[in-house]
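A.B. asks: One structure, pasted below without further comment.
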Amino acid sequence: MERPIDKMIREAMERGEFDNLPGKGKPLTHLDDYFSLPEELRLGFTVLGNANTPPYEVSLMNEINALKTELRAATTIQQQHELRRRIANKTAELQIRLEHLPKSS
């Protein structure tokens, strides 16, 4: 027996309502960042992000993702080297900040 919500989703798919969504066919890279967070912090960070007040660590993750996108588009070795350096620095800063967050028991 199909649940009402499943039926609604199936019918919307049949009508093609999901065919032109932004990011269609692209990987969900933000999920890697989400799951790299300690489990006890995920909900809080999600709530703050939805309220457009992400914690600094989430802003760092977004910066790192943006730099990775720039790196894929970089055309010179010099640009690639500089972007890799910036990614490494931001990633190290993020790891340090995450290590110092309070842990739940």
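Nothing in this text is a laboratory measurement; each read-out follows from the coordinates by a stated rule. All of these numbers come straight from a predicted model, not from anything done at the bench. Cβ placement follows ideal geometry from the backbone for every residue including glycine, while neighbour counts extend to all protein chains displayed.
A.B. asks: Taking a ≥ b ≥ c as the square roots of the eigenvalues of the Cα gyration tensor of the chain, is the shape rounded (a/c under 1.5), prolate (a/b larger than b/c) or oblate?
C.D. replies: oblate
A.B. asks: Percent relative contact order of segment 29-99, based on C-alpha pairs within less than 8 angstrom and at least six residues apart?
C.D. replies: Once divided by the residue count of segment 29-99, the mean separation gives 28 percent.
A.B. asks: Let me ask something else about it. In debye, nearest 20: dipole of the chain around its Cα centre with unit charges on the Cβ of K, R (+) and D, E (-)?
C.D. replies: 280
A.B. asks: I've got another one for you. Restricting attention to segment 1-90, which trypsin sites (Lys or Arg not before Pro) occupy a DSSP loop and are surrounded by at most 10 other Cβ atoms within 10 Å?
C.D. replies: 15, 24
A.B. asks: Which of the aspartates and glutamates could be linked to residue 90 by a straight reach, that is with a Cα gap under 17 Å, when you skip same-chain ones fewer than 8 residues away?
C.D. replies: Candidates past the 8-residue exclusion: 32, 33, 57, 63, 70, 82, 99.
A.B. asks: Chymotrypsin sites (Phe, Trp or Tyr not before Pro), restricted to segment 5-105: which are DSSP loop and have at most 13 other Cβ atoms within 10 Å?
C.D. replies: When the chymotrypsin sites (Phe, Trp or Tyr not before Pro) of segment 5-105 are filtered for loop state and at most 13 Cβ neighbours within 10 Å, 18 remain.
A.B. asks: Can you sort 61, 1 so the residue with the fewest Cβ neighbours within 10 Å comes first?
C.D. replies: 1, 61
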